[in-house]
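Supplied in structure tokens, the structure appears directly below.
What follows draws every value from the coordinates through simple rules; no lab data is involved. As the structure is a prediction and not an experimental result, all values here were calculated from the model. With ideal geometry, Cβ positions are generated from the backbone for all residues, glycine too; neighbour counts draw on all protein chains shown.
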Amino acid sequence: MARFGTSIVLNDSDKEVMNVLWEGAEPSYSIHDIFDELNTKRRSGSRAALKFPTLQSALRRLSERGLVTTNKVSRNVQYTAAIQRTEYGMGALREISKEFFGMELSRLIPHLSGPGIKTDADIEEQLKKISELAEK
């Protein structure tokens, strides 16, 4: 897994930005493209428009944490997701497992999956299924 900031769990604004980068057809976007896409989505969901300085702050935070990379093209900065959605999802699951349940994700799986999980091989199979689902 890529190395990024101390906490992988994102706030709502940061998740919205990452979703634009993950779901987009292009590999990278200008801040204006991200701004337009976010506000189009927000309007369709009857949410208040995002302010430009808020987006600038979110992109700065994501860049500082290593989740977004920047590339200057001419006079524009292009933003690209530095990690895949599945990589983020698995990291967030691991962090939440440790923080809220005090255990590694592999030890939490039997509690989530029910009584049929008894061996390390069963746990590995469940982790493989989770990873496959996350990639869809």
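Just to be sure I understand the model, the point goes 7 Å from the Cα along the line to the Cβ. What's the resulting residue 80 to residue 13 distance in nm?
Placing both labels 7 Å beyond Cα along the Cβ direction yields 2.6 nm.
Same structure again: Quick one: order 61, 47 by neighbouring beta-carbon count within 10 Å, fewest to most.
Neighbour counts put them in this order, fewest first: 47, 61.
How much net charge surrounds residue 100 when only other residues with a Cβ under 15 Å from its Cβ are counted (Lys, Arg +1; Asp, Glu -1)?
0
Take peptides 39-45, 93-99 and line them up by average Cβ neighbours within 10 Å, highest first, as a rough protection proxy.
Per-residue mean Cβ counts within 10 Å order the peptides as 93-99, 39-45.
Taking the Cα centre as origin and putting +1 on Lys and Arg beta-carbons and -1 on Asp and Glu beta-carbons, what dipole magnitude results for the stretch 12-81, to the nearest 20 debye?
Charge dipole, the stretch 12-81, about its Cα centre: 240 debye, nearest 20.
A further question follows. Restricting to Cα pairs below 8 Å that are 6+ residues apart, what does the relative contact order work out to for the stretch 5-60? Please round to a whole percent.
With pairs under 8 Å counted, the relative contact order is 37 percent.
Additional query: What translational diffusion coefficient, to the nearest whole µm²/s, does the stretch 12-81 have by Stokes-Einstein, given a Kirkwood radius computed over alpha-carbon pairs, a temperature of 37 °C and 0.692 mPa s viscosity?
Translational diffusion coefficient: 271 µm²/s.
Skipping prolines and chain starts, which residues have an amide H placed within reach, meaning under 5 Å, of the one on residue 66, given they are 5 or more residues away or on another chain?
When sequence neighbours closer than 5 places are left aside, the close amide H contacts are 5.
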